[in-house]
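Colleague: Pasting a structure here, questions to come.
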Amino acid sequence: MARHDASDLAIRLGRQAEAVCRYYLSSGNRAGRYWVVGDVRNTPGRSMFVRLTGPETGKGAAGKFTDAATGEHGDLLDVIRESCGLVDFKDVAEEARRFLSLPHPEPDETRRNGNVHPAACGSPEASRRLFAMSQPIIGTVAETYLRKRGITALHGTGSLRFHPRCYYRPDEHSPTETWPAIVAAVTDLAGRQTGAHRTWLNPDGLDKAPVETPRRAMGDLLGHAVRFGITGEVLAAGEGIETVLSPRMVLPHMPMLAALSAAHLAAILLPTSLRRLYVLRDRDPAGDVARDSLIARAETVGIEAVGLSPMRGDFNEDLREAGADALRAALKDQLLPEDVARFMEG
């Protein structure tokens with residue numbers, strides 16, 4: 001984005017500084033000529049001050065902020081970027097234009113000629129920021145959605161959070177939309193977050209959002225996963241989050257992970273403590289390939305590997321259509337007896 005475009009947007013936002021703060025920094029409140037809030041990410045508190053009045057540019061300009069606790073400072077474009085978890089400046093500008101009800105800029109010559117490189121995936125840092133901005137899922141439409149999918153046992157799901165206004169952009173030429181979303185942390189073997197997965201939802205939580213790709217991942221994913229429970233000697237691994245959360249309904253004490261795709265499932269990094277791996281297969285050709293590849297990798301390093309197959313297309317379909325008792329019975333027949341005694345309830 002050109003510097004003069006950024007300056008123009010910052011000035012326009014500064015003219016509506018209080019409205020911007022009430023929208024993006026809703027945890028704060030007005031105190032005289034300032035908006036007071038915890039930080040630029042909309043945390044409750046009183047250490048950050050945003051000027052609501054002043055000149056359009058220069059020292060003391062409306063919209064300038066300072067955080068007394070951290071020394072952070074900037075303008076309202078920075079507020080939009082941080083409070084919304086945006087990474088690319090074009091997305092920040094798009095959101096600012098949306099707020100200001102401004103038209104999209106004309107495409108530049110490069111875009112008109114079609115010489116546009118695909119936008120880079122979100123960085124691990126951006127994924128960590130998005131997850132930090134999100135909230136626990138209990139009592140949100142994320143919980144409503146999961147319960148609608150038959151998933152009511154939500155113990156040990158700290159890797160899942162909820163964002164009420166997560167940004168979704170169909171493509172780089174489309175305006176940015178906001179939808180509620182489940183935000184899942186992707187972590188490495190040491191527990192460091194390397195990425196995030198978003199599932200956009202309908203506002204009522206009864207289904208996924210009516211968008212073309214309601215699930216997207218960002219960050220460094222290969223080898224890593226969304227994890228539930230602390231891995232010891234036994235672990236179950238599957239593709240999707242709902243595929244993994246469904247067996248947890250009847251195996252509540254077994255550590256599990258979701259690799260987010262068949263290709264990534266085949267490539268997960270295996271903990272050195274692992275002695276037995278259960279592979280939660282999806283019933284399709286890609287699922288078969290992922291299962292066979294992962295089992296072969298595990299056995300090569302001395303890990304016992306067992307494939308678990310759903311009755312239908314995947315384990316969430318089993319849970320929703322057949323119920324927990326039928327899912328429990330089907331898994332009991334496939335688990336080693338000692339793991340039935342150790343991990344299964346009911």
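Colleague: Can you put 100, 331, 277 in order, fewest other beta carbons within 10 Å first?
Modeller: By the 10 Å Cβ count, ascending: 100, 277, 331.
Colleague: Tell me what the chain gives for mean residue ellipticity at 222 nm when only DSSP H runs of n ≥ 4 count, each as -39,500 (n - 2.57), the sum divided by the residue total, rounded to 500 deg cm²/dmol.
Modeller: Rounded to the nearest 500, the figure is -9500 deg cm²/dmol.
Colleague: Could I ask something else about it? Looking at 323, 253, 274, which one has the Cα that reaches farthest to the positive end of the dipole of the chain (charges on Cβ: Lys, Arg +1; Asp, Glu -1)?
Modeller: 253
Colleague: When the Cα centres of region 1-41 and region 201-259 are compared, how far apart do they sit, in Å?
Modeller: Between the Cα centre of region 1-41 and that of region 201-259, the gap is 36 Å.
Colleague: Let me ask another. Set the Förster radius R0 to 41 Å, insert the Cβ-Cβ distance between residue 98 and residue 263 as r into 1/(1 + (r/R0)^6), and round the FRET efficiency to 0.05.
Modeller: Using R0 = 41 Å, I get an efficiency of 0.75.
Colleague: Something else: Taking the Cα centre of region 222-346 as the origin, how large is its charge dipole in debye, to the nearest 20, when only Lys and Arg (+1) and Asp and Glu (-1) carry charge on their Cβ atoms?
Modeller: Dipole about the Cα centre, nearest 20: 280 debye.
Colleague: Same structure, new question: For a quick check: sort 197, 173, 264 by the number of other beta carbons within 10 angstrom, fewest at the front.
Modeller: 173, 264, 197
Colleague: About the Cα centre of region 121-219, how large is the charge dipole given +1 on each Lys and Arg Cβ and -1 on each Asp and Glu Cβ? Please answer in debye to the nearest 20.
Modeller: So the dipole magnitude of region 121-219 works out to roughly 260 debye.
Colleague: Between Rg and the Kirkwood Rh of region 253-346, both from Cα atoms, what is the Rg to Rh ratio?
Modeller: Value, to two decimals: 0.95.
Colleague: Further question: Find the Cα radius of gyration of the chain, compare it with 2.2 N^0.38 Å by division, and give the number to two decimals.
Modeller: Normalised by 2.2 N^0.38 Å, the Cα Rg of the chain equals 1.15.
Colleague: So what does the Cα-only Debye profile of region 1-100 read at q = 0.16, 0.19 Å⁻¹, as log10 I(q)/I(0), no solvent term?
Modeller: The Cα Debye sum returns log10 ratios of -0.58, -0.83.
Colleague: Can you tell me the equivalent ellipsoid semi-axes for region 120-248? Use √(5λ) from the Cα gyration tensor, largest first, whole Å.
Modeller: For region 120-248, the ellipsoid semi-axes come out as 23, 19, 12 Å.
Colleague: Would you mind getting me the FRET efficiency between residue 19 and residue 288? Use the beta-carbon distance for r and R0 = 51 Å, nearest 0.05.
Modeller: So, using R0 = 51 Å, E works out to roughly 0.40.
Colleague: Nothing charged except the Cβ atoms of Lys and Arg (+1) and of Asp and Glu (-1): what's the magnitude of the dipole of the chain about its Cα centre? Round to the nearest 20 debye.
Modeller: It comes to approximately 1020 debye.
Colleague: Sticking with this structure for a sec: Where does each of 301, 279 land when they are ranked from fewest to most other beta-carbon atoms within 10 angstrom?
Modeller: 301, 279
Colleague: Starting from the Cα-Cα distance between residue 174 and residue 301, subtract it from 0.36 nm times their residue separation and give me the gain in nm to one decimal.
Modeller: 41.0 nm
Read the figures in this text as sums done on the coordinates, not as results from a lab. Source: prediction; values computed, not measured. Using ideal geometry, Cβ is built from the backbone for each residue, glycine included, and neighbour counts are taken over all protein chains shown.
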